[in-house]
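Working notes for the structure below.
Laboratory data are not the source of any read-out in this text; all were calculated from the coordinates shown. It should be emphasised that the depicted structure is a prediction, and the values quoted were computed from it without experimental measurement. Neighbour counts run over all protein chains shown; Cβ positions are idealised from the backbone, glycine included.
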Amino acid sequence: MATGEFAFHETHAHAAPRSFIRKWVFSLDHKVIGLQYYFLALTAVFVGMLLSLLMRIHLIWPNVSLPLLGELKPETYLSLLTMHGTIMVFFVLTTAPQGGFGNYFLPIQIGAADMAFPVLNMLSFWVTFLAFLVLLAAFFVTGGAPLHGWTGYAPLSALPSAGPGQGAGADLWIISIALFCLGALMSALNFITTTLDMRAKGMSLMRLPLTCWAWFITAILGLLAFGVLFAAGILLLLDRDVGTSFFVPLVIVNGQIAGHRGGSPLLWQHLFWFFGHPEVYIAILPAMGLCSQLVSVFSRKPIFGYRAMVYAMLSIGVLGFMVWGHHMFMSGISPYSAFAFSVMTMAIGVPSAIKTFNWLGTLWGGRIRFTPPMLFAIGFVSLFVTGGISGPFLAQPVLDIPLHETYFVIAHFHLIMGVASIFGIFAATYYWFPKMFGRMMNDRLAKLHFWISFVGTYAVFMPMHYYGMAAGLRRYSQSTDVAYMHSLLPLQKFITFAAFVTIAGQFIFLFNLFWSMKAGKKATDNPWEATTLEWTTATPPPHDNFGGHTPVVHNGPYEYSVPGAPRDYVMQTDPRTMEVGHKA
Amino acid sequence: MGLILLLVIWLITFASAYFFIAKTWWLPTGASAAAAGIDHHFAVTFVLMGIVFVAAQLILGFLAWKYREQKNSRPARYMHGNNTMEVTWTILTFILFVGLNWASEPIWGSERFRAADSRAVQVEVTGMQFQWYFRYPGPDGKFGATKPELVDPSAGGEGALGLDPNDTASKDDVVTGTMFVPVNREVEVILKAHDVIHSFFVPAMRFKQDAVPGLAIRLHFTPITTGDYEIACAELCGLGHYRMHGILKVVSEEEFGTWLAAREAEKQ
Amino acid sequence: MKNFFSTAVSDATPIGGAPSVAAGQIRQSRESSTLLEARLRRARLGLVVGLVGIVMIFVSFTSAYVVRQGLPTVDPRTDTLLRDWFALPLPRLLFVNTLVLLVSSGTMELARRQIARQAAVTRTSFSNLGAASDRSWNASWLALTVVLGLSFLAGQWTAWRELTARGFYVSTNPSSSFFYLLTGAHGVHLLGGVLALLVAMVALLLRRPIESRAVILDIAGWYWHFMAVLWIYILCLLKFAR
């Protein structure tokens, strides 16, 4: 469409900025904003990992005295747990894949000069950054960080008297999340408008790389879900600080009647999980899109079933809004609605399975190159399968009876959402680092990082299935008081030691990242011989992404090993004559 | 590298599968009437999903090795997919997943869709930070009134529940910190919570339900083996969540009768 | 709906076609009309997407409202279920406020259409600034909208005071909680709209290119209309879903 070109020049009417502040701090350039999100997430993930390490130590040695922190009290354990979950889910999994890589590469992959609304983009980052600071502040107020878990169930989260950390710390937690919601909504606005309105000529929807589809669908999910969380947060804040009773019925805390009546704790859960379930898809969809991209590039083979992949992601998105009740099977909802939710939940397993089959189908008959991004992509598939297998157990209410709230659930969501998504972030980093920084990351260190992470995460999370089947409950600061759980301590010890090793391995990545920025081998413009638009432009991309000219797209994004073509990849911008016998 | 990937993935798969099959750590022995059905369905799900797990991982490892790029590798197969295969595996997956769920529906229904037997032993279970209390209605078969103003956790028992001494029905209510039930008779649990959400979980009975303030949730189970069973709180309720546990004692009908009579006698 | 994303300006192209001038100038005018179309389309798309996000917030409040109305909880004293919903009597002032808001939508639409016409006319007369008298008319309608908007907010505040005088505070009962919540949330968003209008006024007076002013005013205008629709919805919810 001709307007694409005009729009192209229009949004970049402003020249590249020169001052440090405009270039690196309050930048309007989506590439800089993407990096800002990425480094925010990088900081957050190391904080989150540290918190989990402290938790793991406390679980096996509840009475040990740690340097600086002393002996961890049960409430401290719970606040570590709360902050670990909140930081990881929001500031890592919802930030790096979408805000980080999405911001950087969506405009380039669709052939645009920037996002639709650069000022809004900048604002969304700084609001998210502020949200992170507010969250961290919770550690330092009287009472410390909240202890109600990242899910913040009322009345525990609504009553300052219900525990230490439930005072100012809980208020800051809500404010942080509310700010995060605003940042996410602004970002979603940009992603959706950009994808719909700024594609280059020839970049039809069905020629979009699957990463772009993933970012687009993720943004739609975010648009519909974050408003609900925001609303829930406002209601909770009112219950806590103004005395309303949205979520709190008449309760007696430690002999004192709290001044509430008539509210419904289940209402919080419904609102939270209506957001919370799409949120887990927000966390994983970008990694799925990237995995599709990488298995194709590094098998030198078109993705198996492009259309099916798109429809699968769309159905995951739609169905994702209909399954929230599966988090509430034991909550006191009607057993009939529980059953309805479980049918929908089993249904949503189908598109995920289709995607897995298609990744395997892409590998089949390929010519696989084991680059670091590919290793992490293969690792992603393995972890996704493992995490996915435990889903059908939890999706059936009868089986949820023994398994709900046990470590089986923790194993499930860490594997399928936590670690799989992190592997996506690693894969993305190794893959796009050359384009962003003009250098390659060190190959040996990258592979070492992969092996430690892959084996390590299985060592950490596989045993949690066993612990959970044996009825080992989650959110227990220690197992000392319940005999059958205490007998399972050897499992916990194994997990803790595996965690130490795995976390240590992440420092290899950190070192590699920063060292390679300065001293990595210089990268060509297209070191991976990939076909999508970011590889057609300079390394790193110029301010307007394509150096003044507008790309015109002729081919689909996965034209590898086209018979009769001069080389084993056809760029999306290459003339159509290079493509033999297939319409994209 | 392809070979190492195959070996590592296969090794992890076999190692994890071993511990699952060997049941090194497994569900506790079932002691309720519902446990057999639940455990059976668990086994069915486990076998089917286990096959999928092992197959998918083995295939992944195999493909990574078989199609590794080598000097004389053929070019990759240029194909965009196969609609027949897509449709086939979509339908098969759908049948597997939805089929499993439909098979579980009768068990869920028998657990939750029907009300308790009229001859069931009624026990009101109240959770509060960080203690479970159990109340039996006494000879009059009625639970007496409670008043929030009278709640005094430090007093334990009747005081913790805020039993109203002026209500005739409450005079014979028995309140204990340990739950006694007779074997082979249905137990109706009326679940309540005073302050935050707790969850009443008895692993051996395959029984779990959140206790929600503002709700009185009625559920039932039937213990079939005598013994002592741990009750653990299964919903984060504050700093004492890890130590909010109790004991469920399943005893013979006679022992239960004796125990209850003794408790009721104390109330006279 | 399609029209919303196509353009309003093409309606205003002169019937006889472009006046006969040098080819380059015709191309330039066609380019700039396409550019305005493109900018409007993008801005409107962004607005619609943003409004969806806002709608979800109010959908959540609505769902909480409906649930809370029908929800019984166990009264620990009597061990029976009781419903404690008591429908709040709505202050009459709300209806006056509604009228004010609807009128402000009217003045807003006048301002929006006026600048849309100017943008079309300006293209064909090759003047980038618009006649001074046009701009001051435009500023007046905008100013009136702002005044009406602020009056609405003042009216809402007065309605709140009336309620508190009668003893209904935020936490008094669930019905009052929702009243303050819904009207407060709407008020916050309307205030945002007022700020957007002030930005538009500043843009108007600062002689920015007419296309920029047209786009800002267009978006502010549609947002303003949405606020009116949202208010009607909230009023109906409070009045009829009791």
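Note on B:81-94: average number of Cβ atoms from other chains within 10 Å of each residue's Cβ is 5.
Each peptide in A:452-461, C:39-48, B:259-268 gets a packing score, the mean of other Cβ atoms within 10 Å over its residues, and the list from highest to lowest is A:452-461, C:39-48, B:259-268. Rounded to the nearest Hz, the phi-derived 3J(HN,Hα) couplings of the range A:505-515 under the Karplus curve 6.51 cos²θ - 1.76 cosθ + 1.60 (θ = phi - 60°) are x, 5, 5, 4, 4, 4, 4, 4, 4, 6, 5, where x marks glycine and proline. For the range A:1-249, just say rounded, prolate or oblate: build the C-alpha gyration tensor, square-root its eigenvalues into a ≥ b ≥ c, call rounded for a/c under 1.5, and beyond that prolate if a/b exceeds b/c, oblate if not. Prolate is the answer for the range A:1-249, as a/c is 1.5 or above and a/b outweighs b/c. Could you please state, rounded to a whole Å, how far the C-alpha centre of the range A:345-381 is from the C-alpha centre of the range C:92-111? Value for the Cα centre distance between the two parts: 56 Å.
Could you tell me the relative contact order of the range A:277-522? Use alpha-carbon pairs under 8 Å, at least six residues apart, and round to a whole percent. Walk me through the numbers before you get to the answer.
Values: 314 pairs, mean separation 52.3, N = 246.
Relative CO of the range A:277-522 lands at 21 percent.
With a ≥ b ≥ c taken as the square roots of the eigenvalues of the C-alpha gyration tensor of the protein assembly as shown, please select rounded if a/c is under 1.5 and otherwise prolate if a/b is larger than b/c or oblate if it is not? Oblate shape, in that a/c is at least 1.5 and b/c is the bigger or equal ratio. Highest mean first, the peptides A:259-266, A:231-238, A:94-101 sorted by other C-beta atoms within 10 Å per residue fall in the order A:94-101, A:231-238, A:259-266.
The mean count of C-beta atoms from other chains within 10 Å of the C-beta of residues in A:362-374, rounded to a whole number, is 6.
Coupling constants for the range A:313-327 follow from the phi torsions by the Karplus curve (6.51 cos²θ - 1.76 cosθ + 1.60, θ = phi - 60°), and in residue order they are 5, 5, 5, 4, x, 5, 4, x, 8, 10, 10, 4, x, 6, 7 Hz; glycine and proline get x. Residues whose amide H falls under 5 Å from that of B:His220, counting only those 5 or more places apart or on a different chain, are B:Val189, with hydrogens built in the peptide plane. Within 10 Å of the Cβ of each residue in B:65-78, the mean number of Cβ atoms contributed by other protein chains is 6.
For the pairs A:Lys355/B:Lys66; A:Lys31/B:Lys71; A:Lys493/B:Lys23; B:Lys23/B:Lys192; A:Lys301/A:Lys435; A:Lys447/B:Lys66, flag any whose C-alpha to C-alpha distance is greater than 26 Å. Don't skip to the answer; put the middle values down first.
Details: A:Lys355/B:Lys66 21 Å; A:Lys31/B:Lys71 38 Å; A:Lys493/B:Lys23 19 Å; B:Lys23/B:Lys192 35 Å; A:Lys301/A:Lys435 22 Å; A:Lys447/B:Lys66 20 Å.
Checking Cα-Cα distances, A:Lys31/B:Lys71; B:Lys23/B:Lys192 exceed 26 Å.
Its Cα centre serving as origin, the range A:277-522 has a Cβ charge dipole (Lys and Arg +1, Asp and Glu -1) of approximately 1340 debye. Near the amide H of B:Phe180, within less than 5 Å, lie the amide hydrogens of B:Lys249, all on another chain or at least 5 residues away, with H placed in the peptide plane.
What's the ranking of B:30-39, A:527-536 by average number of surrounding C-beta atoms within 10 Å, highest first?
Details: B:30-39: 20.1, A:527-536: 22.1.
Ranked from most to least packed, the peptides come out as A:527-536, B:30-39.
How would you classify the range B:121-266 from its alpha-carbon gyration tensor, with a ≥ b ≥ c the square roots of the eigenvalues: rounded for a/c under 1.5, else prolate if a/b is greater than b/c, otherwise oblate? Taking the square roots of the gyration eigenvalues as a ≥ b ≥ c, the range B:121-266 is oblate.
Nearest 500 deg cm²/dmol is fine: what mean residue ellipticity at 222 nm does chain A get from its DSSP H runs of n ≥ 4 alone, each adding -39,500 (n - 2.57), divided by its residue count? Mind showing how you got there, number by number?
Working: 18 runs with 339 residues, N = 584.
Result for chain A, helices only: -20000 deg cm²/dmol.
Taking the Cα centre of the protein assembly as shown as reference, the dipole from Cβ charges on Lys and Arg (+1) and Asp and Glu (-1) amounts to some 3900 debye. Working note: Karplus 6.51/-1.76/1.60 with θ = phi - 60° gives the range B:60-65 the couplings 4, x, 5, 4, 4, 7 Hz, where Gly and Pro are set to x. Taking the longest Cα principal axis of chain A as reference, the axis of helix A:420-437 is set at about 40 degrees.
Residues whose amide H comes within less than 5 Å of that of A:Gly305, counting only those at least five positions distant or on another chain, are B:Gly81, B:Asn82 (H built at 1.01 Å from N in the peptide plane).
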